[in-house]
Each structure stands twice: as C-alpha cells, then as structure tokens.
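**Student:** There's a structure below that I have some questions on.
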C-alpha cells in the first residue's frame, strides 16, 4: 500500500507509485485529501484491484525527480510510474471480513476506542 496526500483544492491530478506494487496481490494506492485549515481528512481516493488480485497498470509514463541535479536536469526514476487521479472514491462502510468477522474499515468498533480528532489551527500555535 502506498499513501499519498493532497490538500483539498490542490491542482495535482497524478501521483507517482513504485512499480513493485504491480508484483503484490491486493496492492493499492490510497490518496487522502485534507482541509489545510482544519486538517480534517477526506475525501479518500483509492486505486487498486479486487482483493487478492493485482493492481491495474499504473501507466507507461516514467516519473522524474522533482529537484534537478547540478546540471539542472531532472533525472528519471525508473522504478516509479505516474498514476492518474482515480475517479473512484473509497467507500467507508462497515463491511465484515468473511473469515474473522472483524470490520474491514477498522477503528471505532470496540467500546471506548478512540477516533482521531482534528487538531487546532497550526497557524495559531
């Protein structure tokens, strides 16, 4: 699993992902958006295949380093591909794992379990 994040309203429409994800069953990319003022999370975008299956192709475009070298050239990152923004939003539901009966979404299911709370405005600190 690779986690990516962007603030809500960001212009970014693609992320880079390691090609090793293609070799792993159930691999996925979770792209988390957040509100820059309150740091509240959501929406969550998910890119992956069916459970147990391999991730769909990431694309042919080879990622490049963001910072140039001394010659002002941005080198290729051969082990990374550029993946376009997924159109599908991740579902947050209370499905159960067929073998264990535990929730697939985790968190907040046990009595007294704590859920993450947004922190105050970091600019005010």
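Since every read-out is calculated from the coordinates, none of them should be taken as a lab result. Quick caveat: nothing in here was measured; it's all calculated off a predicted structure. Counting neighbours? That spans all protein chains shown, and the Cβs are built from the backbone with ideal geometry, glycine included.
**Student:** For the residue pair residue 62 and residue 50, what label-to-label distance in nm results when each label sits 7 Å from Cα along the Cα-to-beta-carbon direction?
**Tutor:** 3.4 nm
**Student:** Next question, about the same structure. Given the Cα-Cα distance of residue 71 and residue 14 and 0.36 nm per residue of separation, how much length would full extension add, in nm? Present the calculation step by step, with values, prior to reporting the outcome.
**Tutor:** Numbers: separation 57, 0.36 × 57 = 20.52 nm, distance 2.63 nm.
Full-extension gain reported as 17.9 nm.
**Student:** Calculated FRET efficiency, residue 79 and residue 35, Cβ-Cβ r, R0 35 Å, to nearest 0.05? Mind dumping the intermediate values first?
**Tutor:** Working: r = 33 Å, r/R0 = 0.93.
Once rounded, the FRET efficiency stands at 0.60.
**Student:** Right, next: Only counting other Cβ atoms within 10 Å, I'd like 46, 31 sorted with the fewest neighbours first.
**Tutor:** Values: 46 13, 31 21.
Fewest-to-most Cβ neighbours within 10 Å comes out as 46, 31.
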